[in-house]
Amino acid sequence: ADDDDDDDDDDLSDDEEEVCPPGCEPALYERVCELRLKRLEQEDVYAEFQKSIEALKKDNDALIKKEKALDAALLETDRDIESFQNEKQRKLNELDVVVVLHLSQLRLLNERGQLPAELAECLVFTHDGLEQLAARIGELADEKVELRRRQKDLRRKKEALAKERKGKVARNAELEARAVDVQMLKFGQEVDLDALNSYTVNKSAEELREKVTMLDQKQQRALAQWEVRLKQAKADLIRATQQSTQALERVAQLLAAQAQLEGTLNKTQKAGSAISVPSSGQEEALERGRLVQMVKLQGTEIDALKVEINMLRRKGGHVYSSAPAAPAAIE
């Protein structure tokens, strides 16, 4: 039962979240909801891609390790083959070979123009190969001259490139310092441009996000203004209620005083008619006139307070007071 209640609460909260906020255009709200769903789908796809990339990275690392192992084995095999070839050639060179030569083919003569007694140190070589080696001496001299000329050219190019590199490095440092200054002035911190370039920007989503942000800020400002107005209206209502209550209390007091005066006046009239007490008629008339004048003034003040109460009621104030006592009838 508790789980069902939790599910119901979740459903209710989801329904409340899906309600379009007041003051927001339904089309814009629907568009934001669609973009939010698309963003969630893109996040799921991105997560799947990340998993695939991680798996491919692991496979790639394993293959790289295998490749390194194979390269090491291949290099070892090449070394073994080269060592075997050298050993084979050395063994072949140790073999004795009989070569038949004519005397015209011998070019090794001593100082006396005779053949040496021992030919163990002699080398058998072809006539064409000897001519090629002789020609190669001149070719090597020409190549040496050409290499020296190229070396001079490369040195000059190296010096020019070194100077150009220094200028480029100084220019790059100046541009980086300027870029950092601009970023600090604009954003208050350095921005990683590589990470920024790696992100893909959706212009429509950014525009809608900016519109939603502006609309949210506008609604927040309007809500703050209405809250201020509501506080002011509540304060005005409390003030009007207090004034109305005070006016009603004053009316009740005046009505009670008027009733008391009218009762006193009636008693005086009854006592004057029932008991014959020697008194001056002029004093009685003055006292009666004073009481009548006081009753008229209180009536005028009551009417003014009633008008003020009606005005406060039209403004929306609520008046709470005890019912005033009913005035006594004047006989």
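The values are calculated or read from the model by the stated rules, or taken from the named source; none is laboratory data. Fair warning: this is a prediction, and the values are worked out from it, not measured in the lab. Quick reminder, even Gly has a Cβ in these numbers, built from the backbone with ideal geometry, and neighbours come from all protein chains shown. In case anyone asks, the SASA skips ligands and DNA or RNA and just uses the protein heavy atoms, side chains included. Shrake-Rupley method; radii C 1.70, N 1.55, O 1.52, S 1.80 Å.
What the table shows:
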item	result
Verdict on residue 206 being out of contact with any Phe, Trp or Tyr (no Cβ under 8 Å at 6 or more places or on another chain), among the acidic types (Asp, Glu) and open to solvent by less than 80 Å² (accessible area, probe 1.4 Å)	yes
Single match in 312, 305 (criterion: at pLDDT 75 or above, part of a helix (DSSP H, G or I) and in contact with a helix residue (DSSP H, G or I) (Cβ under 8 Å, 6 or more places away or on another chain))	305
Close pairs from the range 174-187: first exposed (fewer than 10 other Cβ atoms within 10 Å of the Cβ), partner part of a helix (DSSP H, G or I), Cβ under 9 Å, at least 6 apart	none
Qualifying positions in the range 83-122 - modelled with pLDDT of 75 or more and acidic (Asp, Glu)	87, 94, 96, 118
Residue within the range 266-286 that is modelled with pLDDT of 75 or more, open to solvent by less than 70 Å² (accessible area, probe 1.4 Å) and part of a helix (DSSP H, G or I) present	yes
Some residue of the range 236-243 being surrounded by 11 or more Cβ atoms within 10 Å (Cβ to Cβ), at pLDDT 75 or above and among the basic types (Lys, Arg)	yes
Residues of the range 82-104 satisfying the condition of being assigned to a helix (DSSP H, G or I) and of a type in the set (A, V, I, L, M, F, W, C)	84, 92, 103
Hits in the range 121-154 (condition: open to solvent by less than 90 Å² (accessible area, probe 1.4 Å) and either touching a residue at least 24 places away in the same chain (Cβ under 8 Å) or not in a helix (DSSP H, G or I) (or both))	122
Residue 215 modelled with pLDDT of 85 or more, open to solvent by less than 70 Å² (accessible area, probe 1.4 Å) and closer than 30 Å to residue 23 by Cβ	yes
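Residue-wise test of (1) closer than 30 Å to residue 119 by Cβ; (2) open to solvent by 100 Å² or more (accessible area, probe 1.4 Å).
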{"position": "60", "(1), (2)": "no, no"}
{"position": "83", "(1), (2)": "no, no"}
{"position": "88", "(1), (2)": "yes, no"}
{"position": "98", "(1), (2)": "yes, yes"}
